[in-house]
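Following: one structure in structure tokens, then a few remarks.
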Amino acid sequence: MTRHLLSAADLDAATATMILDTAQEMANLAGHQVKKLPTLRGRTVVNLFYEDSTRTRISFEAAAKRLSADVINFSAKGSSVSKGESLKDTALTLQAMGADAVVVRHPAAGAPHRLAGWVDGSVLNAGDGTHEHPTQALLDAYTMRARLGRVAGLHVVIVGDVLHSRVARSNVLLLSTLGAKVTLVGPPTLLPVDIATALVPGISVSYDLDAVLPDADVVMMLRVQRERMTDSFFPSAREYARRYGLDGPRMRRLPEHALVMHPGPMNRGMEIAPEVADSARSTIVEQVANGVSVRMAVLYLLLGGKPS
Ligand code: ASP
């Protein structure tokens, strides 16, 4: 394993599979009475969040604590960042405190890469702008493997606001590495073909959700990211839901075994109807639980596990 996890593109198939296998072992631990491993005792993990987060921050914190690391949560609000301190100065502070790993979420694409040049510890990208979210892609792959037994050969349909989605970008990269077939679906304004095809050559693009659903093993719904929209990308929320939302009748077009995924937070009633989000096909809550095991595996392998 390399020192940092900055992009899903850093992972070859063997490394990604090793992370998923290790996550499986970590998940087995969740069934034990004592859920802690002493592996990272005496190591310090800093959660450095410049953007809001619920699941990812809590998940990394739980993961680090289950490995017995000391965890420092640093949120930009209420810190010297709001006084204008630069990322570099913050990095030097963390360095002085002896952080062994920095988990960073930042609104600017590439911020984790910059940080990696300034600290001695490992840097884990927990979401950088619209760019990447590699641990989300890993937990999604883990969930597919747990439910369907494999990732290679699956047809994964990723639907919605691809333009603003770091989840989509990291998933496309990792799923392709692991041998899945990916189709991106969304309105043309949120799915520019040049962006899609630049990611991974040969990727499929469709603007017709109903047409692709009968052939999907997994349908991954993306949140419409209004906070990143500087323009009007579709006529109305209702129109969006009508064309690209997953509702009950649409869900019934899926094959019997197909899964419905969503990284959260959901806009219920927009990209996903409540009856779908709460259905037996939905893996949304499982994805959150799997996130802890996957992040334990990544921290373990970067900090305490097999040397690079
Ligand atoms: N939670 C995910 C992310 O941080 C997905 C989303 O926000 O829509 O990228």
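Within region 92-100, is there a residue that is modelled with pLDDT of 95 or more and within 15 Å of the ligand (Cβ to nearest atom)?
Taking every residue of region 92-100 in turn, none turns out to be modelled with pLDDT of 95 or more and within 15 Å of the ligand (Cβ to nearest atom).
Please find, among 285, 294, the residue that is part of a helix (DSSP H, G or I), aliphatic (A, V, I, L, M) and buried (at least 24 other Cβ atoms within 10 Å of the Cβ).
Numbers: 285 fails: buried (at least 24 other Cβ atoms within 10 Å of the Cβ).
Among 285, 294, only 294 is part of a helix (DSSP H, G or I), aliphatic (A, V, I, L, M) and buried (at least 24 other Cβ atoms within 10 Å of the Cβ).
List every residue pair whose Cβ atoms lie under 9 Å apart, where the two residues are 6 or more positions apart in sequence or sit on different chains, the first residue falls within region 14-40 and is closer than 18 Å to residue 303 by Cβ, and the second residue, located anywhere, is among the acidic types (Asp, Glu).
Listed pairs, sorted by first residue: 40/70; 40/100.
Could you tell me whether region 116-126 includes any residue that is assigned to a helix (DSSP H, G or I), open to solvent by 10 Å² or more (accessible area, probe 1.4 Å) and farther than 20 Å from residue 40 by Cα?
Looking through region 116-126, at least one residue is assigned to a helix (DSSP H, G or I), open to solvent by 10 Å² or more (accessible area, probe 1.4 Å) and farther than 20 Å from residue 40 by Cα.
Scan region 155-164 and tell me whether some residue there is over 17 Å from residue 134 (Cα atoms), in a loop (DSSP other than H, G, I, E, B) and touching a residue at least 12 places away in the same chain (Cβ under 8 Å).
Taking every residue of region 155-164 in turn, at least one turns out to be over 17 Å from residue 134 (Cα atoms), in a loop (DSSP other than H, G, I, E, B) and touching a residue at least 12 places away in the same chain (Cβ under 8 Å).
If a residue has to be farther than 20 Å from residue 258 by Cβ, open to solvent by less than 10 Å² (accessible area, probe 1.4 Å) and more than 12 Å from the ligand (Cβ to nearest atom) to count, how many in region 140-163 make the cut?
So the answer is 0.
Quick one: residue 137 ticks every box in (1) surrounded by 24 or more Cβ atoms within 10 Å (Cβ to Cβ); (2) away from the ligand (no atom under 14 Å from the Cβ); (3) in a helix (DSSP H, G or I) bar one, so which box is it?
(2) is the only condition that residue 137 fails.
Output the residues belonging to region 36-56 that are in contact with a strand residue (DSSP E or B) (Cβ under 6 Å, 6 or more places away or on another chain) and away from the ligand (no atom under 16 Å from the Cβ).
44, 45, 46 - these are the residues of region 36-56 that are in contact with a strand residue (DSSP E or B) (Cβ under 6 Å, 6 or more places away or on another chain) and away from the ligand (no atom under 16 Å from the Cβ).
How many residues are buried (at least 20 other Cβ atoms within 10 Å of the Cβ) and more than 16 Å from the ligand (Cβ to nearest atom) when one looks only at region 2-18?
From region 2-18, those buried (at least 20 other Cβ atoms within 10 Å of the Cβ) are 4-8, 11, 16; that's our starting set.
The next check asks that each one be more than 16 Å from the ligand (Cβ to nearest atom); those that pass are 4, 11, 16.
Matching residues across region 2-18 total 3.
The values are calculated or read from the model by the stated rules, or taken from the named source; none is laboratory data. Just so it is clear, the model here is predicted, and its values are computed rather than measured. Reconstructed Cβ throughout: ideal geometry from the backbone, glycine too, with neighbour counts over all protein chains shown. Accessible surface is based on the protein model in full, side chains and every heavy atom, while ligands, DNA and RNA are left aside. Shrake-Rupley method; radii C 1.70, N 1.55, O 1.52, S 1.80 Å.
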